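Here's the structure, in structure tokens; my notes come after.
The values are calculated or read from the model by the stated rules, or taken from the named source; none is laboratory data. Remember, predicted model here, so these are calculated numbers, not experimental data. Here the Cβ positions follow ideal geometry from the backbone for every residue, glycine too, while neighbour counts run over all protein chains shown.
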Amino acid sequence: MKPTTRIDTVSWLSADGSIHFSPSPEALRPGGKLRIIDQRALPAHLEYLRIDTLEEACDAIQTLAVRGAPAIGCAAALALAAVTGKSGTANQEALLKEVMKNARVLMESRPTAVNLAWALNRCTARIVTGNGGGTEQIKESLLREALSILEEDIALCARIGEYGRTLLHDGMGILTHCNAGALAAGGDGTALAPIYAAHAGGMKLKVFSDETRPLLQGARLTAWELKQGGVDVSVICDNMAARLMREGRIQAVIVGADRIAANGDTANKIGTYSVAIAARYHRIPFYVATPYSTFDMSLSSGEQIPIEQRAPGEVTSFAGVKTAPDGVSVCNPAFDVTPHSLIRAFITDRGIIRPPFEKNLVVFQSIQR
Ligand code: MRU
């Protein structure tokens with residue numbers, strides 16, 4: 001199933017130019033490339049990038065041409081398959097070493113979203129060797145797994161949408177932060193999936209999208225894709241949310257996640273924590289929508305989540321225009337951690353998970369997909 005919003009953020013372009021989202025025999029033919037929407041150009045232009053080298057893939061991830069936790073996982077997995085597919089290494093052992101090295105390089109391209117390492121580890125763990133298949137077998141098995149991850153992500157988003165819509169009702173005002181929609185995933189997204197599902201069922205919702213400084217994912221991307229989908233959306237500056245809550249215009253907050261520790265502490269785009277505090281003060285439910293791949297059960301709390309620090313220039317200028325004086329000191333963490341105590345529930349592909357999270361997340365992990 002393709003995303004209902006038809007935003008093909010990450011796709012596989014086979015040698016004959018056809019577009020694929022699953023491991024069909026046509027998609028698995030040699031000579032394909034990763035294709036992504038170049039999110040740096042939005043909302044002004046809808047442009048696509050074709051990626052078939054490691055350098056192009058790392059650059060696209062680091063410069064946020066592709067971004068959002070599930071999307072970078074899908075893109076990195078397909079990039080690894082694309083790069084491996086082009087490799088001229090004839091020896092099986094040597095190719096395996098090359099794949100592991102390239103996977104490590106991709107994994108290091110951004111530190112916070114766990115989906116990146118999760119997807120790459122899943123691909124390298126499922127490489128098939130033996131039976132005389134040689135290097136072609138390695139290439140095909142990597143591509144098959146990467147396309148399965150993309151196909152699965154589309155289904156996970158749809159399930160998050162179905163579970164999440166049960167929490168919504170007609171006339172509701174919903175605040176979201178950053179972009180956790182179709183541009184951030186293989187499918188319809190995480191935080192926006194319940195909104196799309198409810199909208200498709202005829203529910204009338206009013207979405208407020210925080211602009212999300214410094215890179216404006218909320219204003220540029222969330223507003224763009226919700227408008228594409230015909231959802232009623234207003235962009236607000238990040239410092240306006242508390243006022244709207246006080247005015248009674250927001251009945252729920254839904255955000256995505258980049259990494260969730262075993263106790264439920266959640267890393268997401270910088271500013272999410274402040275929104276959660278404001279929501280608690282106004283007694284508004286704060287939901288985190290996420291697939292199972294964003295949980296990192298190896299971390300006991302959010303203290304252990306690595307937080308990406310980005311370049312000062314992202315804060316001191318925008319689109320080439322200076323917004324702060326030359327040489328001023330800057331602090332630019334890309335993410336913050338919302339303590340689990342502020343989270344009403346996780347909206348996941350396996351249902352709604354409520355507190356106590358330490359216990360219920362363990363049960364959640366054991367539920368079969
Ligand atoms: O820096 P970004 O744009 O990659 O940050 C993205 C977010 O913080 C999203 O909210 C998160 O990845 C969830 S996407 C479904």
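When residues of segment 173-185 are filtered for being in contact with a Leu (Cβ under 9 Å, 6 or more places away or on another chain) and near the ligand (Cβ under 10 Å from one of its atoms), how many remain?
Going through segment 173-185 one residue at a time, the tally reaches 9.
So which of ASP170, ASP238, ASP232 is of a type in the set (Asp, Glu) and within 16 Å of the ligand (Cβ to nearest atom)? Break it down stepwise before answering.
Details: ASP170 fails: within 16 Å of the ligand (Cβ to nearest atom); ASP232 fails: within 16 Å of the ligand (Cβ to nearest atom).
Sole residue among the options that is of a type in the set (Asp, Glu) and within 16 Å of the ligand (Cβ to nearest atom): ASP238.
How about segment 219-245: which of its residues are of a type in the set (Gly, Ala, Ser) and either outside the structural domain of GLY187 (by TED's automatic domain parsing) or buried (at least 17 other Cβ atoms within 10 Å of the Cβ) (or both)? Even if it seems obvious, please write down each step before you answer.
Step one: filter segment 219-245 for residues of a type in the set (Gly, Ala, Ser), giving 219, 223, 229-230, 234, 241-242.
Answer for segment 219-245, where residues must be of a type in the set (Gly, Ala, Ser) and either outside the structural domain of GLY187 (by TED's automatic domain parsing) or buried (at least 17 other Cβ atoms within 10 Å of the Cβ) (or both): ALA219, ALA223, GLY229, ALA241.
I need every pair where a residue in segment 250-261 that is within 14 Å of PRO339 (Cβ to Cβ) has its Cβ under 7 Å from the Cβ of a residue that is among the aromatic types (Phe, Trp, Tyr) and within 15 Å of the ligand (Cβ to nearest atom), sequence separation at least 6 or different chains.
Hits for this filter: ILE260/PHE295.
Take GLY218 and decide whether it is farther than 25 Å from ARG350 by Cα, among the small types (Gly, Ala, Ser), in contact (Cβ under 8 Å) with a residue 40 or more places away in the chain and within 10 Å of the ligand (Cβ to nearest atom).
Values: farther than 25 Å from ARG350 by Cα: yes; among the small types (Gly, Ala, Ser): yes; in contact (Cβ under 8 Å) with a residue 40 or more places away in the chain: yes; within 10 Å of the ligand (Cβ to nearest atom): yes.
Criteria met by GLY218.
The conditions are (1) surrounded by 11 or more Cβ atoms within 10 Å (Cβ to Cβ); (2) in contact with a Phe, Trp or Tyr (Cβ under 9 Å, 6 or more places away or on another chain); (3) modelled with pLDDT under 95, and ARG369 fails exactly one of them. Which is it?
(1)
Answer yes or no: is there a residue in segment 332-342 that is modelled with pLDDT of 95 or more, small (Gly, Ala, Ser), within 24 Å of LEU192 (Cα to Cα) and within 16 Å of the ligand (Cβ to nearest atom).
Taking segment 332-342 and keeping what is modelled with pLDDT of 95 or more, we get 332-342.
Applying the additional criterion that residues be small (Gly, Ala, Ser) yields 334, 341.
Subset that is within 24 Å of LEU192 (Cα to Cα): 334, 341.
Among the residues that remain, those that are also within 16 Å of the ligand (Cβ to nearest atom) are: 334.
The answer is yes; a qualifying residue exists.
Have a look at ILE284, ILE254 and point out the one that is among the aliphatic types (A, V, I, L, M), surrounded by fewer than 24 Cβ atoms within 10 Å (Cβ to Cβ), at pLDDT 95 or above and out of contact with any Leu (no Cβ under 7 Å at 6 or more places or on another chain). Step through it out loud before you land on a result.
Details: ILE254 fails: surrounded by fewer than 24 Cβ atoms within 10 Å (Cβ to Cβ).
It is ILE284.
Find the residue count for segment 19-50, including only residues that are of a type in the set (Asp, Glu) and without any contact (Cβ under 8 Å) to a residue 12 or more places away in the chain.
If we filter segment 19-50 for residues that are of a type in the set (Asp, Glu), which is where we start, we get 26, 38, 47.
So of that shortlist, the ones also without any contact (Cβ under 8 Å) to a residue 12 or more places away in the chain come out as 47.
The total comes to 1.
Residue by residue, here is whether (1) crowded, with 17+ Cβ neighbours inside 10 Å; (2) in contact with a strand residue (DSSP E or B) (Cβ under 9 Å, 6 or more places away or on another chain) holds:
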site	(1), (2)
SER293	yes, no
SER301	no, yes
PHE318	no, no
THR323	no, yes
ALA345	yes, yes
ARG350	yes, no
ILE353	yes, yes
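Is it the case, given these coordinates, that ILE149 is more than 16 Å from the ligand (Cβ to nearest atom), crowded, with 20+ Cβ neighbours inside 10 Å, touching a residue at least 12 places away in the same chain (Cβ under 8 Å) and of a type in the set (Val, Ile, Thr)?
Details: more than 16 Å from the ligand (Cβ to nearest atom): no; crowded, with 20+ Cβ neighbours inside 10 Å: yes; touching a residue at least 12 places away in the same chain (Cβ under 8 Å): yes; of a type in the set (Val, Ile, Thr): yes.
Spelling it out, it is not the case that ILE149 is more than 16 Å from the ligand (Cβ to nearest atom), crowded, with 20+ Cβ neighbours inside 10 Å, touching a residue at least 12 places away in the same chain (Cβ under 8 Å) and of a type in the set (Val, Ile, Thr).
Taking ALA69, is it touching a strand residue (DSSP E or B) at 6+ places or on another chain (Cβ under 8 Å) and either over 22 Å from GLN217 (Cα atoms) or within 13 Å of the ligand (Cβ to nearest atom) (or both)? Before the answer, list the steps.
Working: touching a strand residue (DSSP E or B) at 6+ places or on another chain (Cβ under 8 Å): yes; either over 22 Å from GLN217 (Cα atoms) or within 13 Å of the ligand (Cβ to nearest atom) (or both): yes.
Considered against the rule, which asks whether it is touching a strand residue (DSSP E or B) at 6+ places or on another chain (Cβ under 8 Å) and either over 22 Å from GLN217 (Cα atoms) or within 13 Å of the ligand (Cβ to nearest atom) (or both), ALA69 comes out as yes.
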